[in-house]
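Heads up, the thing below is written out as structure tokens.
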There are 2 protein chains.
Amino acid sequence: MTQWYFVAALLTILTSSQGILTTLSQSHGKYNYDYATVPFLAEVFKLLVSSFFLWRECKSSTRPRMTTEWRSVCLFPIPSIIYLVHNNVQFATLTYVDTSTYQIMGNLKIVTTGILFRLFLRKKLSNLQWMAIVLLAVGTTTSQVKGCGEVSCDSLLSAPMQGYMLGILSACLSALAGVYTEFLMKKNSDSLYWQNVQLYTFGVIFNIGRLLLDDFRSGFENGPWWQRLVIGYNATTWMVVLNLGSTGLLVSWLMKYADNIVKVYSTSMAMLLTMILSVYLFNFKPTLQLFLGIIICMMSLQMYFSPPSTLVDIPATTVKAPLENLKEVTVD
Amino acid sequence: MTQWYFVAALLTILTSSQGILTTLSQSHGKYNYDYATVPFLAEVFKLLVSSFFLWRECKSSTRPRMTTEWRSVCLFPIPSIIYLVHNNVQFATLTYVDTSTYQIMGNLKIVTTGILFRLFLRKKLSNLQWMAIVLLAVGTTTSQVKGCGEVSCDSLLSAPMQGYMLGILSACLSALAGVYTEFLMKKNSDSLYWQNVQLYTFGVIFNIGRLLLDDFRSGFENGPWWQRLVIGYNATTWMVVLNLGSTGLLVSWLMKYADNIVKVYSTSMAMLLTMILSVYLFNFKPTLQLFLGIIICMMSLQMYFSPPSTLVDIPATTVKAPLENLKEVTVD
């Protein structure tokens with residue numbers, strides 16, 4: 001239970017590598033492979049790893065707890081369904097707003113996760129923790145504010161209303177998927193690997209469905225998806241697959257043994273780490289707003305996770321001391 | 001003692017009016033009067049008001065406490081001397097850095113005030129209050145980040161090193177003047193008006209000195225300063241004078257009955273208020289960073305001034321409740 005911050009740190013590093021590896025897997029700025037096949041293979045990887053560990057658990061002396069009732073199993077496709085709806089909302093949102101506005105609105109999911117976490121999982125948060133969550137969203141947004149040298153320069157609130165409504169819906173769906181998964185993982189003391197196997201089996205199925213749908217939509221002009229599966233993959237592409245799979249497994253672990261807020265902090269810190277690494281790797285110009293965003297997020301981290309006693313150790317007796325220490329110079 | 005937040009709110013409103021009135025006092029974008037005469041007249045106004053109230057106190061039955069020893073009086077020109085040095089450092093800084101970088105660096109004085117407040121006045125701050133002070137500086141800086149449409153576009157850390165060193169020195173001097181004034185006002189229970197009379201008498205003298213020096217530097221080409229004193233003043237200019245004088249009196253009150261941190265919050269909030277009002281009055285384009293800066297500063301305000309018990313009311317007993325509330329679905 002105490003190693004959640006180690007898992008969270010690892011998740012931060014892997015999530016931040018994801019963006020960098022994906023960029024590195026391109027050649028001359030474009031993909032030589034079908035990117036849609038990557039999440040499918042990552043899902044297969046997660047299923048294989050979880051199945052292996054479940055098999056090992058089954059062989060051990062203490063049999064793992066496994067709920068196989070249909071009314072339990074039938075809850076596991078729901079995260080996949082939410083993600084499917086989310087993907088479509090995301091797509092619709094992008095027809096109304098540009099990508100940088102979309103990226104900025106994405107930070108809303110930090111706040112919606114806090115709200116759904118409170119409402120559905122009935123976890124109490126202190127006012128300071130609520131403020132920390134809002135600050136985390138503000139901090140990540142600050143780091144993304146367009147600098148004065150950048151090309152695209154859209155004004156605040158210039159997109160049509162539908163764009164913003166869909167953006168909010170998207171943030172809610174993303175939070176709902178996270179909170180629902182946490183509920184699934186924590187609702188009983190089933191083996192994590194058994195829960196994963198259920199989750200990823202449906203994940204694989206839904207990914208196949210999505211690839212098939214894409215094929216039908218494009219009229220099979222690139223052939224069926226299984227023929228494109230590893231075509232054009234290089235070593236970096238395989239690392240992208242393994243990395244995506246590993247982050248999924250870590251998130252699953254956090255959902256069972258930590259919570260959604262820990263995950264949100266991990267992925268937000270990962271975003272900042274990616275931006276810092278991009279300064280070195282891709283010669284991005286560091287901006288003042290990135291620096292400010294990092295400070296804000298670090299403060300938020302402290303506010304959320306520090307034991308309150310380390311934050312507000314107010315020495316009530318010494319508050320009035322300075323005045324008494326000063327030399328009195330009076331006329332009489 | 002309880003009305004400090006009322007005084008602080010009034011200071012915020014008046015400080016924020018100052019920038020707007022000063023802009024309104026221009027005609028066709030330039031001053032028809034000598035702006036250097038405004039602080040002098042404001043100092044005279046403060047001296048007159050304080051003298052009047054001191055005279056009233058002297059007439060009342062309870063004689064005000066007044067320390068007239070030389071070794072007490074001789075401490076009162078020191079704030080004026082610090083401001084004089086500060087003005088020159090400010091001038092030197094601006095030869096190295098542009099005005100927007102200078103403005104950004106000005107937020108450092110929030111942090112230096114916190115540090116000198118702790119060191120010289122020996123006031124203890126909780127970790128949360130330190131974080132709040134840093135966040136206030138980050139928030140005001142965020143609101144000033146250049147948007148993507150703005151003309152001047154200097155990179156972070158592009159000015160020579162001396163510029164940054166002088167900027168830090170400037171922030172320290174500004175903080176020192178504030179902290180020293182608080183020490184002066186609180187070191188004994190003298191009448192506030194008597195302390196003000198001493199402070200502003202030296203203020204008037206130093207302002208005359210400064211105006212004379214300017215005259216000598218320019219070789220009296222505009223005549224001596226007293227001939228330019230109210231030339232070209234319009235009604236708005238007089239409001240600028242009264243406003244500047246009034247804010248000075250309020251700051252003096254806060255230094256005696258509240259502290260430097262309250263003043264720093266007032267003036268930072270005033271800066272944000274000015275920016276909001278400028279959106280309406282001067283058709284400034286509201287930026288995302290202004291919005292983010294306001295949220296950060298509001299959070300900081302809460303963190304610093306809220307009673308800790310309202311921030312970290314962690315219900316230790318209910319943390320584990322959600323898991324027990326969930327329906328157990330297990331196989332056995």
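The values are calculated or read from the model by the stated rules, or taken from the named source; none is laboratory data. In this text, all values refer to a predicted model and were calculated from it rather than measured experimentally. Glycine also receives a Cβ, built like all others from the backbone with ideal geometry; neighbour counts cover every protein chain displayed. Side chains are part of the model used for accessible areas, which takes the heavy atoms of the whole protein and leaves out ligands, DNA and RNA. Shrake-Rupley method; radii C 1.70, N 1.55, O 1.52, S 1.80 Å.
Some notes on this structure:
- Rg/Rh ratio calculated on Cα atoms of the protein assembly as shown (Kirkwood radius): 1.07
- Rounded to 10°, Cα long-axis angle of helix A:161-186 versus longest principal axis of chain A: 80 degrees
- Per residue of peptide A:303-312, the mean number of Cβ atoms on other chains within 10 Å of the residue Cβ is 5.
- Degrees between helix B:192-217 axis and first principal axis of chain B (Cα, 0 to 90, nearest 10): 60 degrees
- Straight-line reach from A:LYS146: taking Cα to Cα under 17 Å and skipping same-chain neighbours fewer than 8 places apart, the lysines in range are A:LYS285, B:LYS146, B:LYS285.
- Counts of other chain beta carbons within 10 angstrom of each beta carbon in peptide B:184-190 average 3.
- Measuring spread by the Cα atoms of chain B yields a radius of gyration and Dmax of 23.5, 100 Å.
- Label-point distances for B:ALA235 to the equivalent site in the other copies, using a point 7 angstrom along Cα→C-beta, read 7.9 nm when ranked shortest first.
- With a Förster radius of 35 Å applied to the C-beta separation of B:MET161 and A:HIS28, the computed FRET efficiency comes to 0.30.
- Averaged over the residues of peptide B:121-128, the number of Cβ atoms from other protein chains lying within 10 Å of each residue's Cβ is 6.
- Angle in degrees between helix B:260-281 and the longest Cα principal axis of chain B, rounded to the nearest 10: 90 degrees
- What the range B:2-325 shows is 49 Å² of accessible area per residue, with the surface traced by a 1.4 Å probe over protein heavy atoms.
- Chain pair A, B: total accessible area buried, heavy atoms, 1.4 Å probe, Å²: 5600 Å²
- Over the range A:127-266, relative contact order from alpha-carbon pairs under 8 Å, at least 6 apart, %: 29 percent
- Label-to-label distance, nm, for residues given as A:LEU277 and A:ASP214 (7 Å Cα→Cβ offset): 2.3 nm
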